[in-house]
């Protein structure tokens, strides 16, 4: 029986797609082994969102070639897409033997590997820029039994100046609503308590489909079809959040009160340079609307520090803008130059030390906002989706519907289940609670 090792770098979409590879291999009778195990086949699902992510992808390939010299190596994902030519030249020059499969051909990866007549090192690339259908990649089992990702969309057409993703993922393509529902029902039947809807730009869901369903239409359909499973939205652009979405989130108890909204800069000049299509005042209005309609919701924000041309004055104004907003946590990233993007050629690149200083200040703000939010939840009771493993102290752990990290004592029967927990006391990065029978 052949053994397969799957290495996944990068985003939730990659994690979903790797889970589909696992399903295909296991259905064909192969054994999928964990990291470090010897394998006959190694699949590396790469990332290229930053220069360092590309370097990590190359390292993963070198490590696989070194540790599994007799294995068939397949490299796919965004780094394989953007650097396919370089990888092909390298394997020819150095005698490296691996296959490159493009993002628009991921649905053929398992079948290509399993074909008796397939030649090791054969490539299957496609043309991502003209891809017009999403790859069908069903998943039977996602791994952890508490929550699972469900990819509903792929591709992006925004072309933010710092981002390589439109070139690696192609135009926006959506999975038909009936196919999304089929996957959700599989997860619900398997006992998953939370399904996280993900994609590259899920706010564009349905625009490429003939019947033009919207994300709100999809959420409406899913939340009614699987009332036992909760839905969490992975990320939405600011202008894609409106009254109709928030009304549905209010109405349906199994749509989690949690929104993650990329801002990227709190200064209008930098937003324009990034090709972000909103202003800080529009963003403020969205946050205020969210807070008005969903007062207990967790609101997270993505922010980039040290974008080219960001002066000390820009950063100070951006920081002050963030301080004035009612949100709950930040995902902070230092700007990383990515070859192939417009911003890589911009003048006035910001030095690393300055970026590090700005990141540190933003993370202090994030921690302050998180602690204030957590403190506001003390004394409340929330459903908590319990993870499948205990923490180092033997406590059960999980997240409330509104994304508060909670730990509490309880029996093993609550693992992978939902418990009602009263939130009692604030600790460093979580709240200690007690289970309510």
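The values are calculated or read from the model by the stated rules, or taken from the named source; none is laboratory data. Keep in mind the model is a prediction, meaning the values are calculated, not measured. Counting neighbours? That spans all protein chains shown, and the Cβs are built from the backbone with ideal geometry, glycine included.
Some points to look at:
- Among residues of region 79-95, those that are over 23 Å from the mean Cα position of the chain (by Cα) and crowded, with 16+ Cβ neighbours inside 10 Å, counted: 4
- For region 267-285, the tally of residues that are crowded, with 19+ Cβ neighbours inside 10 Å and in contact (Cβ under 8 Å) with a residue 24 or more places away in the chain stands at 7.
- Positions within region 167-222 being free of Cβ contacts under 8 Å to residues at least 24 places away in the same chain, out of contact with any helix residue (DSSP H, G or I) (no Cβ under 9 Å at 6 or more places or on another chain) and farther than 25 Å from residue 146 by Cα, in sequence order: 210, 212
- Matching option when the condition is surrounded by fewer than 14 Cβ atoms within 10 Å (Cβ to Cβ), under 23 Å from residue 363 (Cα atoms) and either in contact with a strand residue (DSSP E or B) (Cβ under 9 Å, 6 or more places away or on another chain) or at pLDDT 95 or above (or both), among 288, 317: 288
- For region 334-358, a residue qualifies if it is farther than 16 Å from residue 267 by Cβ and without any contact (Cβ under 8 Å) to a residue 60 or more places away in the chain, and the qualifying residues are 334, 344, 345, 347, 349, 351, 352, 353, 356, 357.
- Hits in region 18-48 - residues which are in contact with a helix residue (DSSP H, G or I) (Cβ under 9 Å, 6 or more places away or on another chain) and either under 18 Å from residue 104 (Cβ atoms) or not assigned by TED's automatic domain parsing to the domain that holds residue 77 (or both): 20, 21, 24, 43, 44, 45, 46, 47, 48
- Where residue 19 falls short, out of the listed (1) surrounded by fewer than 16 Cβ atoms within 10 Å (Cβ to Cβ); (2) under 16 Å from residue 140 (Cα atoms): (1)
- Of the strands (runs of 3 or more DSSP E) lying entirely inside region 341-437, those containing at least 2 residues that are in contact with a strand residue (DSSP E or B) (Cβ under 6 Å, 6 or more places away or on another chain) and more than 25 Å from residue 228 (Cβ to Cβ) are 418-426, 431-435.
- Here region 325-337 is the region considered, the condition is being modelled with pLDDT of 95 or more and farther than 26 Å from residue 256 by Cβ, and the residue that is surrounded by the most Cβ atoms within 10 Å (Cβ to Cβ) is 335.
- Residues located in region 33-55, provided they are surrounded by fewer than 18 Cβ atoms within 10 Å (Cβ to Cβ) and under 24 Å from residue 143 (Cα atoms): 33, 34, 35, 36, 37, 38, 40
- Helices (runs of 4 or more DSSP H) (entirely within region 128-236) containing at least 1 residues that are under 30 Å from residue 100 (Cα atoms): 165-169, 177-190
So that you can scan it fast, the table gives a plain yes or no per residue for (1) crowded, with 20+ Cβ neighbours inside 10 Å; (2) modelled with pLDDT of 95 or more; (3) within 23 Å of residue 128 (Cα to Cα):
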position	(1), (2), (3)
198	yes, yes, yes
202	yes, yes, yes
207	no, yes, yes
220	no, yes, no
229	yes, yes, no
241	yes, yes, no
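- From the list 136, 169, 140, 147, the one residue that fits, being farther than 18 Å from residue 6 by Cα, surrounded by fewer than 19 Cβ atoms within 10 Å (Cβ to Cβ) and modelled with pLDDT of 90 or more, is 136.
- Among the residues listed as 345, 309, 340, 379, the single one being closer than 30 Å to residue 412 by Cβ and surrounded by fewer than 18 Cβ atoms within 10 Å (Cβ to Cβ): 379
- Pairing residues of region 81-99 that are over 23 Å from residue 70 (Cα atoms) with residues that are part of a helix (DSSP H, G or I), at Cβ distances under 6 Å and at least 6 apart in sequence or on separate chains, gives 81/103; 81/128; 81/168; 82/168.
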